[in-house]
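Read the structure below first, then the notes.
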Amino acid sequence: MISKITSREARKWIYAVCLAAVPLLVFYGVISEDAAPLWVAMIGAILAPTMALTHLTPKEPVDE
């Protein structure tokens, strides 16, 4: 299930939906227009790195 959520296409969809939701939230008065850029920055600061970290390859053990 996680691999489906973190697939390339799913990540593109998640980013698009999150960023499209911000103007809608402003329009409906859930967040203020002044706060919208902060929400976009938060999405970028939390969601993008989290999704990227799910694609790191595990460290290979080093034989010493």
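Within the stretch 24-58, which residues are among the β-branched types (Val, Ile, Thr) and either under 17 Å from the mean Cα position of the chain (by Cα) or loosely packed, with under 11 Cβ neighbours inside 10 Å (or both)? If the condition is that a residue be among the β-branched types (Val, Ile, Thr) and either under 17 Å from the mean Cα position of the chain (by Cα) or loosely packed, with under 11 Cβ neighbours inside 10 Å (or both), then VAL40, ILE43, ILE46, THR50, THR54, THR57 are the ones that fit. The C-beta contact set for the stretch 22-36 (first residue without any contact (Cβ under 8 Å) to a residue 12 or more places away in the chain, second residue aliphatic (A, V, I, L, M) and surrounded by 14 or more Cβ atoms within 10 Å (Cβ to Cβ), distance under 7 angstrom, 6+ apart or interchain) comprises VAL26/ALA36; ILE31/LEU25; GLU33/VAL26. Count of the stretch 1-19 residues, restricted to those that are loosely packed, with under 10 Cβ neighbours inside 10 Å and free of Cβ contacts under 8 Å to residues at least 24 places away in the same chain, is 6.
Every read-out reported here was derived from the displayed coordinates using simple, explicitly stated rules and does not represent laboratory data. A quick note: this is a predicted structure, and the numbers were derived from the prediction, not measured. Cβ atoms come from the backbone with ideal geometry, glycine included; neighbour counts cover every protein chain shown.
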